[in-house]
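Q: The structure under discussion is supplied below as structure tokens; questions concerning it will follow.
The values are calculated or read from the model by the stated rules, or taken from the named source; none is laboratory data. Since this is a predicted model, take the numbers as computed values, not measurements. Note that each Cβ is placed from the backbone with ideal geometry, even for glycine, and that neighbours are counted across all protein chains shown. In case anyone asks, the SASA skips ligands and DNA or RNA and just uses the protein heavy atoms, side chains included. Shrake-Rupley method; radii C 1.70, N 1.55, O 1.52, S 1.80 Å.
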Amino acid sequence: MGVLALQGDVREHAAALAAVGARAVAVRRRSELEAVDGVVVPGGESTTIDKLLRLFELDEPLRAAIAEGMPVYGSCAGMILLADRIEGGAAGQRTLGGMDVLVRRNAFGRQVDSFEADLEVAGVPGGPVRTAFIRAPWVEQAGPGVEVLARIPATTADGRDAGAAAGKIVAARQGRLLATAFHPEITGDVRVHALFARLVEDSRRS
Ligand code: GLN
């Protein structure tokens, strides 16, 4: 499979995929996209990735691949890029879309800019997943076809009130699209990547 390698934490995703036995190649051109059967859109800066997608003429091919059912996993900025609708986007910011969700950029606000958390993620066995949130978005609304995989609990592990973040959706799946507001690739917990690798594996068989 591939990791979109225009900007963001490409290497970390490639390493996490390697750790679950999936071979990942960098995708920067159309020919590279055509050669893979699944793509990770990494975290980084969604406005920059959006501009580079257009510059590298990868936006339309990626939209077409999504429409044809190629598995795509978007993490953080990648989640923003998979959203059909966004709030708090920069002027003219576009997304690839594909997931029937409204995603709010930089949703957690300045005080809780970055944090780590242990979250139960549906479909990921073996206890809570160690996650990192970095200027993360959350899902504000999800359509009926979207499966919610994780939400922010009402109280954090250290007993603090999650405030406005309580109950917000931070991991979701729709068909072969998987999105997390957090970065599992930097905590060493590779079970979300294993989940995505299984999704890619299943799509090869069907
Ligand atoms: N705030 C970033 C954006 O809007 C996402 C941050 C991240 O990917 N860590 O693109």
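Q: Tell me the mean residue ellipticity at 222 nm calculated for the chain from its helices only (DSSP H runs of n ≥ 4, each -39500 (n - 2.57), averaged over every residue, nearest 500).
A: Helix contribution divided over all residues of the chain: -7500 deg cm²/dmol.
Q: What's the extension gain from residue 91 to residue 57 if we count 0.36 nm per residue and subtract their Cα-Cα distance?
A: 10.2 nm
Q: Another question, then. Where both residues lie in the chain, what percent of DSSP beta bridges are antiparallel, nearest 5?
A: Bridges in the chain are about 55 percent antiparallel.
Q: Now for a separate question. In percent, what relative contact order does region 101-206 have, based on Cα pairs under 8 Å that are 6 or more apart in sequence?
A: Working: 186 pairs, mean separation 27.4, N = 106.
Here the relative contact order equals 26 percent.
Q: Evaluate the relative contact order of the chain (contact order divided by residue number), counting alpha-carbon pairs under 8 angstrom at least 6 apart; express in whole percent.
A: In percent, rounded to a whole number, it is 20.
Q: At residue 31 and residue 113, where each label point lies 7 Å from the Cα along Cα→Cβ, what is the point-to-point distance in nanometres?
A: Result for the modelled spin labels: 4.2 nm.
Q: If you take the C-alpha gyration tensor of the chain, multiply each eigenvalue by 5 and take the square root, what semi-axes do you get, largest first, in whole Å? Please report the intermediate quantities before stating the final value.
A: Details: eigenvalues 123, 74, 47 Å².
Each semi-axis is the square root of five times an eigenvalue, giving 25, 19, 15 Å.
Q: Could you look at region 58-185 and say what percent of its accessible area is carbon and sulfur, using a 1.4 Å probe and all protein chains?
A: Looking at region 58-185 in its full context, I get 49 percent from C and S.
Q: Work out from phi, with θ = phi - 60° and the Karplus expression 6.51 cos²θ - 1.76 cosθ + 1.60, the ³J(HN,Hα) of each residue of region 67-81, listed in order in whole Hz, and give x for Gly and Pro.
A: Computed from phi, the couplings for region 67-81 are 4, 7, x, 5, x, 9, 10, x, 10, 6, 4, x, 5, 4, 5 Hz.
Q: Could you do me a favour and compute the accessible area per residue for the chain, 1.4 Å probe, result in Å²?
A: It amounts to 46 Å² per residue over the chain.
Q: I need the P(r) histogram for region 1-123: all alpha carbon pairs, bin width 10 Å from 0 out to the longest distance, whole percents.
A: Result, from short to long distances: 13, 44, 34, 9, 0 percent.
Q: Distance between Cα centroids, region 155-189 to region 72-146: provide it in whole Å.
A: One Cα centre to the other: 8 Å.
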